[in-house]
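Each reported figure results from applying straightforward, stated rules to the coordinates on display, with no laboratory input. Fair warning: this is a prediction, and the values are worked out from it, not measured in the lab. Note that we place each Cβ from the backbone using ideal geometry, even for glycine, and neighbour counts take in every protein chain shown.
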Amino acid sequence: GENVEQHPSTLSVQEGDSAVIKCTYSDSASNYFPWYKQELGKRPQLIIDIRSNVGEKKDQRIAVTLNKTAKHFSLHITETQPEDSAVYFCAASFTSGTYKYIFGTGTRLKVLA
Amino acid sequence: DTGVSQDPRHKITKRGQNVTFRCDPISEHNRLYWYRQTLGQGPEFLTYFQNEAQLEKSRLLSDRFSAERPKGSFSTLEIQRTEQGDSAMYLCASSLGGQAGEQYFGPGTRLTVT
């Protein structure tokens, strides 16, 4: 069935260190993988995304990698800052024509000053 | 604010009552989604509209739930005979059609059923 697994569920890092969050999806036909950041009480906001024809994408301190064969994709945040503390969700967009998202269960990232 | 808006932001209701939520998407977006998010979980897909047509409904959407998008602009989600298990954040998102891409989320309506 349609499923996205996300690990870890919580992650604490020291300010300045890197953070890595990993996701696995089930449908090999998925072709779009967004990452959303959700701060407490706020709406999810897109921070980076990747399409299946690309292996890696970077935007300043944030990068996403995709391994289509293994059906894995990962979020990498370098030089973490306290304002990076939030819940991060990965998602896979299924090609059913609706492009609905199937979300992972989220990772609560805490950046310790 | 030209983003996705939702109303109300909070709703407290007693079990058995009916509630209706409204979502106003970004004006040029033809795709509209409803998701439900419970504490500590990722959003779960409920239903999808392309313009005014409801094209997919999740199995999560029981007969007590109904959604409309009458003119292809705003959408409403109604829950009849609410149950405590309906307590959640209801998120609306919209996007521009063509291919899979960014969905813009509204602030959500937090429903508490007592």
Quickly run through segment B:76-100 and pick out the residues that are within 14 Å of chain A (Cβ to nearest Cβ), out of contact with any Ser or Thr (no Cβ under 6 Å at 6 or more places or on another chain) and not in a strand (DSSP E or B). B:L96, B:G97, B:G98, B:Q99
Selection status of A:S85, within 14 Å of another protein chain (Cβ to nearest Cβ) and in contact with a Leu (Cβ under 9 Å, 6 or more places away or on another chain): no
Selection over segment B:96-108 where residues are more than 23 Å from B:N18 (Cα to Cα), touching a residue at least 12 places away in the same chain (Cβ under 8 Å) and surrounded by fewer than 23 Cβ atoms within 10 Å (Cβ to Cβ) yields a count of 3
For the condition within 21 Å of A:T105 (Cβ to Cβ), in contact with a Phe, Trp or Tyr (Cβ under 7 Å, 6 or more places away or on another chain) and basic (K, R), what is the one hit in B:R69, B:R36? B:R36
Segment B:4-20, residues that are surrounded by 13 or more Cβ atoms within 10 Å (Cβ to Cβ) and polar (S, T, N, Q): B:S5, B:Q6, B:T13, B:Q17, B:T20
Return the pairs, sorted by first residue and then second, in which the second residue is among the charged types (D, E, K, R), the first residue lies in segment B:9-25 and is in a strand (DSSP E or B), the beta carbons are less than 6 Å apart, and the residues are 6+ apart or on different chains. B:H10/B:R110; B:V19/B:K11; B:T20/B:E78; B:R22/B:D7
Before we move on, is B:G85 more than 30 Å from A:T10 (Cβ to Cβ), surrounded by fewer than 19 Cβ atoms within 10 Å (Cβ to Cβ) and among the small types (G, A, S)? no
Are any residues in segment A:80-98 among the aromatic types (F, W, Y) and touching a Phe, Trp or Tyr at 6+ places or on another chain (Cβ under 7 Å), and if so, which ones? A:Y88, A:F89
Just for strands (runs of 3 or more DSSP E) wholly inside segment A:9-66: which have at least 2 residues that are among the hydroxyl-bearing types (S, T, Y) and closer than 23 Å to B:S95 by Cα? A:32-38
Is there a residue being away from chain B (no Cβ under 14 Å) and farther than 15 Å from A:V87 by Cβ anywhere in segment A:27-38? yes
In segment A:66-109, what count of residues is obtained for those that are free of Cβ contacts under 8 Å to residues at least 24 places away in the same chain, exposed (fewer than 15 other Cβ atoms within 10 Å of the Cβ) and hydroxyl-bearing (S, T, Y)? 2
Filter segment B:26-40 down to residues that are surrounded by 21 or more Cβ atoms within 10 Å (Cβ to Cβ) and of a type in the set (S, T, Y) and give me whichever is nearest to B:L61 (Cα to Cα). B:Y35
Checking the structure you have, find out if any residue of segment B:46-59 is at negative phi, in contact (Cβ under 8 Å) with a residue 24 or more places away in the chain, more than 10 Å from chain A (Cβ to nearest Cβ) and not in a strand (DSSP E or B). no
Given (1) surrounded by 13 or more Cβ atoms within 10 Å (Cβ to Cβ); (2) in a strand (DSSP E or B); (3) charged (D, E, K, R), where does A:E2 come up short, assuming only one miss? (2)
